[in-house]
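Before any comments, here is the structure.
The values are calculated or read from the model by the stated rules, or taken from the named source; none is laboratory data. Keep in mind it's a predicted model, so treat the numbers as computed, not measured. Heads up, the Cβs are rebuilt from the backbone with ideal geometry, glycines too, and the neighbour counts pull from every protein chain shown. In case anyone asks, the SASA skips ligands and DNA or RNA and just uses the protein heavy atoms, side chains included. Shrake-Rupley method; radii C 1.70, N 1.55, O 1.52, S 1.80 Å.
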Amino acid sequence: MKIIENFLPTEIHQKYVKLLMSNDFPYYFIDGVSHTDGTEDDFFFFHNLYGNPHNFNHEGGEIVSRYFNSLVMPILGRLPFSFNNLLRARINLFTRKQNSKISNFHTDLDEKHTVALYYLNSNNGETVFRTGEKVSSVANQMLIFDGHMDHAVIPQTDEKVRVNINLNLS
């Protein structure tokens with residue numbers, strides 16, 4: 001696991017904030033946080049950037065958003081490791097909750113991959129791992145970890161939204 005603070009130059013980060021936290025950016029509803037089959041009593045919003053256009057929850061192989069180049073390429077160009085394939089890229093938007101009830105533990109994909117999770121805004125939400133490690137949501141911070149590590153969302157109770165960009169790479 002690796003945490004990189006101030007991952008993007010300030011001017012690029014501010015462009016991301018202006019776009020992704022505007023009323024004009026399109027987000028889509030998902031029923032569930034770690035299970036999208038309706039069995040989980042929670043939800044969030046997302047915007048797919050790259051993946052399988054027929055099944056948003058699995059790897060694919062094509063650009064599915066006009067925002068791909070402006071949002072994904074600056075991140076890919078700064079990752080401190082080599083990768084062969086981008087499997088999936090999406091933006092997650094979590095709404096404020098009354099309490100910090102942890103979501104179910106999960107992995108993003110079944111196949112071997114690395115997760116690069118970019119935090120857009122600071123809030124009291126966290127990414128927690130089954131090992132007990134927790135990573136706070138800090139603006140312009142990148143979290144990189146082995147995709148087979150079970151992780152979960154601890155929702156924020158302070159800010160209206162928590163936004164991150166989730167890249168799955170092999």
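Here Asn84 clears all of (1) more than 25 Å from Lys160 (Cβ to Cβ); (2) at pLDDT 90 or above except the condition numbered (2).
The residues in region 94-104 that are open to solvent by 30 Å² or more (accessible area, probe 1.4 Å) and part of a strand (DSSP E or B) can be counted, and the count is 1. Just one of the numbered conditions (1) assigned to a loop (DSSP other than H, G, I, E, B); (2) surrounded by 15 or more Cβ atoms within 10 Å (Cβ to Cβ); (3) modelled with pLDDT of 95 or more is not true of Val33: (3). Of all residues in region 6-26, exactly one satisfies the criterion of being exposed (fewer than 10 other Cβ atoms within 10 Å of the Cβ) and touching a residue at least 40 places away in the same chain (Cβ under 8 Å), namely Thr10.
Please report, ordered by residue number, the strands (runs of 3 or more DSSP E) entirely within region 105-159 with at least 1 residues that are farther than 24 Å from Leu86 by Cβ. So that I can check it myself, show each step before the final result.
Numbers: elements: 114-119, 126-129, 134-136, 141-146, 151-154.
The qualifying strands (runs of 3 or more DSSP E) are 126-129, 134-136, 151-154.
So which of Leu109, Leu167, Leu117, Leu71 is at pLDDT below 95 and open to solvent by less than 20 Å² (accessible area, probe 1.4 Å)?
On the way: Leu167 fails: at pLDDT below 95; Leu117 fails: at pLDDT below 95; Leu71 fails: at pLDDT below 95.
Residue meeting the stated conditions: Leu109.
Filtering region 128-153 to residues that are buried (at least 21 other Cβ atoms within 10 Å of the Cβ), touching a strand residue (DSSP E or B) at 6+ places or on another chain (Cβ under 6 Å) and more than 15 Å from Phe7 (Cα to Cα) leaves only His151. For Asn124, indicate whether it is surrounded by fewer than 17 Cβ atoms within 10 Å (Cβ to Cβ), farther than 26 Å from Lys18 by Cβ and not β-branched (Val, Ile, Thr). When the stated conditions are applied, Asn124 does not pass them.
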